[in-house]
Amino acid sequence: MDKDEEAEIDRLPVDLLSHIFASIVSYLDLAHASIVCRKWRQGVEDSLARRQSLSFAGWNMDDDSIARLVRLAYNLKELDMSRSSWSCRLTDGGLHKISTAKCVNNLTSISLWGMVAITDKGVTALVSRAISLQHLNMGGTFITDESLYAIADNCPNLKAIVLWSCRHVTSKGLVTLVKKCRKLESINVWGMRVPVDCFLSLLAIRPALEIKPGGWHVSVGSVAFWPVL
């Protein structure tokens, strides 16, 4: 090929490039592609704008990297920032940056499972704008009732929440959540330090609520046999 002749891939229109980049699952590869040239960068950005789900579980990502990608994903519906091994080092700073993304209002699913560096401050910033949220996984974090109050006040469409081993959450937070989130159908409370009476109170508020401690399903008829946690 003559040195002045344009490479075949450089002849592709941006919309076709974005379609190709949409099939790339490695965020590192996307980052590399975005610095090849201005046209490729636009293709990468357009491919992210088309995505409805992003998962950073298993990827070695920091606050800035995650926030930058989420901000480009205008049509995002599902966001998974779960911790896996040494991956996804997310802090309150990252949650604050993500909360400013245009897609946050339309997110229906968020997972922050195992994000031990986040606190109520970061969670509150994020959920205060996640008004369409239906599914939330906060398992393995150190949140307190303050996060549940923020969720209860800002997420009226919440259907399911995982609070696996969130041992700083109390009965008061759970009751407030169930009272205000009227569409709530399922709650996972395995490993939490709350008394049995709390679950009776939750079922009194919403009898159809599915309470999941591990593999058990709690109902009005079975709550008397609830194990002491």
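Do the conditions hold for Asp46, that is, is it part of a helix (DSSP H, G or I) and modelled with pLDDT under 85? Judged against the criteria, Asp46 is not a match. Close contacts from region 191-217, counting a first residue that is farther than 18 Å from Cys166 by Cβ and modelled with pLDDT under 95 and a second that is part of a helix (DSSP H, G or I) and not β-branched (Val, Ile, Thr), with Cβ to Cβ under 8 Å and a gap of 6+ residues or different chains, come to Asp197/Ser171. Of all residues in region 158-190, those being open to solvent by 10 Å² or more (accessible area, probe 1.4 Å), of a type in the set (Val, Ile, Thr) and more than 18 Å from Thr108 (Cα to Cα) number 3.
Residue pairs whose Cβ atoms lie under 8 Å apart, sitting 6 or more positions apart in sequence or on different chains, and linking a residue in region 135-163 that is on the phi < 0 side of the Ramachandran plot to a partner that is among the acidic types (Asp, Glu) and open to solvent by 20 Å² or more (accessible area, probe 1.4 Å), are Ile143/Asp120; Thr144/Asp120; Glu146/Asp120; Ser147/Asp120; Ala150/Asp120; Lys159/Glu185; Ala160/Glu185. Taken together, the residues in region 16-57 that are of a type in the set (Asp, Glu) and touching a helix residue (DSSP H, G or I) at 6+ places or on another chain (Cβ under 7 Å) amount to 2.
The values are calculated or read from the model by the stated rules, or taken from the named source; none is laboratory data. Since this is a predicted model, take the numbers as computed values, not measurements. Here Cβ is always computed from backbone atoms with ideal geometry, including for glycine, and neighbour counts include all displayed protein chains. Side chains are part of the model used for accessible areas, which takes the heavy atoms of the whole protein and leaves out ligands, DNA and RNA. Shrake-Rupley method; radii C 1.70, N 1.55, O 1.52, S 1.80 Å.
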